[in-house]
Amino acid sequence: RPLVFRQPFHAAGDFGAAAQMLEEAVRAEPTPESLLLLARVEQRNPMWTNRVLDHLRMAVTIDPQFTEAWLELASFWGRKGQRERQRQCLEKVLAYDPLDAEALRMLATLQVRR
């Protein structure tokens with residue numbers, strides 16, 4: 001069942017409260033989509049880097065073909081300067097969807113930077 005919030009946390013900039021509510025929802029029923037959403041909210045706080053990584057990894061563990069989470073994980077590693085890990089995430093996507101435009105674009109950009 002979809003997550004429904006009574007207050008627009010993102011409009012008020014209260015990402016901590018949004019993260020807390022999402023975390024409760026994820027604990028009750030972890031889905032790849034809710035884990036990805038939680039990771040995206042947590043990225044707003046630089047002190048939550050480990051949480052972001054944990055939630056993205058959980059999302060792709062639950063659904064190994066969840067492209068959005070793999071791409072987010074690739075971006076995460078790119079921001080950390082971990083190009084090899086970034087490449088590995090993109091290759092995971094291309095292994096099951098060799099024509100994924102975003103993964104191909106990101107991989108091409110990564111290869112240009114080398």
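Computed from the coordinates by the stated procedures, all read-outs in this text should not be read as laboratory data. All values reported here derive from a predicted model rather than from experimental measurement. Here the Cβ positions follow ideal geometry from the backbone for every residue, glycine too, while neighbour counts run over all protein chains shown.
Taking 0.36 nm per residue of sequence separation and removing the Cα-Cα distance, the GLU84/LEU104 pair yields an extension gain of 5.7 nm. Considering only LEU38, LEU90, VAL60, the residue lying farthest towards the positive end of the dipole of the chain is LEU90, judged by Cα position with unit charges set on Cβ. On full extension, the segment bounded by TYR96 and THR67 gains 9.5 nm, given 0.36 nm per residue less the C-alpha separation. Measuring how big the chain is from its alpha-carbon positions, Rg and Dmax come out at 14.9, 46 Å. Rounded to the nearest 10 degrees, the angle from helix 101-113 to the longest Cα principal axis of the chain is 60 degrees.
Taken one residue at a time, the phi angles of segment 40-54 give Karplus couplings (6.51, -1.76, 1.60, θ = phi - 60°) of 5, 5, 5, 4, 5, 10, x, 7, 9, 4, 5, 4, 4, 4, 4 Hz. Gly and Pro are set to x.
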